[in-house]
Amino acid sequence: MKRDLHFLNEALSEAKKAFSYGEVPIGALIVKNDTVISRAFNRKEFLQDPTAHAELLAIREAARKLNSWRLNGCTLYSTVEPCVMCCGAIIQSRISRIVYAVPDPKFGGVESLYSMLSDERSNHRPVVERVELPEAAELLKEFFKKLRS
């Protein structure tokens, strides 16, 4: 749990970068053997790319660094519950474990809206854990409050 909080706080640092650029503040890390392989934050607006979610960017970078699309033994840390698109990439990349902080009732593909990662029809089902990180929820609230004003 302590290790998970450490890495979620690193992902939160990425989310803060997204916030500073006017992006939805979501950050993600890929970790293997307690080493950060990749880190990313949402860049949809900057790249004008609907697939530029923090999780996908982190997965792409980890695959490049490890020279393999198979990310077995890796953990994905995300400040927010991954969406359906990101869950598809998680399944395809064979990530072993997902840890996220904030549920997403509108787009969540892990547990809130859909349960893609636990669907028994899938050939890969990573371990999923939710670890509360109030700062991540507050950052999202602040972002959307600022956006509405």
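Filter the GluC sites (Glu not before Pro) in region 61-149 down to the DSSP loop ones having no more than 13 other Cβ atoms within 10 Å, then list what survives.
Details: sites: Glu61, Glu111, Glu120, Glu129, Glu132, Glu135, Glu138, Glu142; in loops: Glu111, Glu120, Glu132.
When the GluC sites (Glu not before Pro) of region 61-149 are filtered for loop state and at most 13 Cβ neighbours within 10 Å, Glu120, Glu132 remain.
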Check: What's the angle, to the nearest 10 degrees (0 to 90), between helix 84-93's Cα axis and the longest principal axis of the chain?
Finding: 30 degrees
Notebook entry, point to check: Cα centroid distance between region 89-141 and region 7-57, in Å?
Noted result: 15 Å
Next item on the list: First compute the accessible area of the chain with a 1.4 Å probe, then give the percent of it belonging to carbon and sulfur atoms.
Entry: 52 percent
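Could you sort 95-107, 39-51, 72-84 so that the peptide with the highest average Cβ count within 10 Å comes first and the rest follow in order? Walk me through the numbers on the way to the answer.
Working: 95-107: 19.0, 39-51: 16.6, 72-84: 24.2.
Per-residue mean Cβ counts within 10 Å order the peptides as 72-84, 95-107, 39-51.
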Note to self: Taking amide H atoms as placed 1.01 Å from N in the peptide plane, list the residues 5 or more away in sequence, or in a different chain, whose amide H sits under 5 Å from that of Gly27.
What the structure shows: Ala15, Thr79, Val80
Next item on the list: Name the aspartates and glutamates eligible as straight-distance cross-link partners of Lys106: C-alpha to C-alpha under 12 Å, and not fewer than 8 places from it in the same chain.
Entry: Glu81
Note to self: Could you check the spin-label model distance between Lys145 and Lys2? Points 7 Å from the Cα along Cα→Cβ, value in nm.
What the structure shows: 3.3 nm
Next item on the list: Per residue of region 46-57, in order, report the coupling 6.51 cos²θ - 1.76 cosθ + 1.60 (Karplus, θ = phi - 60°) as ³J(HN,Hα) in whole Hz, putting x for Gly and Pro.
Entry: 4, 8, 6, 9, x, 9, 7, 7, 3, 5, 5, 5
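Taking only protein heavy atoms into account and a 1.4 Å probe, give the accessible area per residue of region 1-121 in Å². Present the calculation step by step, with values, prior to reporting the outcome.
Working: 6070 Å² over 121 residues.
In whole numbers, region 1-121 has 50 Å² accessible per residue.
The values are calculated or read from the model by the stated rules, or taken from the named source; none is laboratory data. From a predicted model like this one, the values you see are computed outputs, not experimental measurements. Cβ atoms come from the backbone with ideal geometry, glycine included; neighbour counts cover every protein chain shown. With ligands, DNA and RNA removed, areas are computed over all heavy atoms of the protein, side chains included. Shrake-Rupley method; radii C 1.70, N 1.55, O 1.52, S 1.80 Å.
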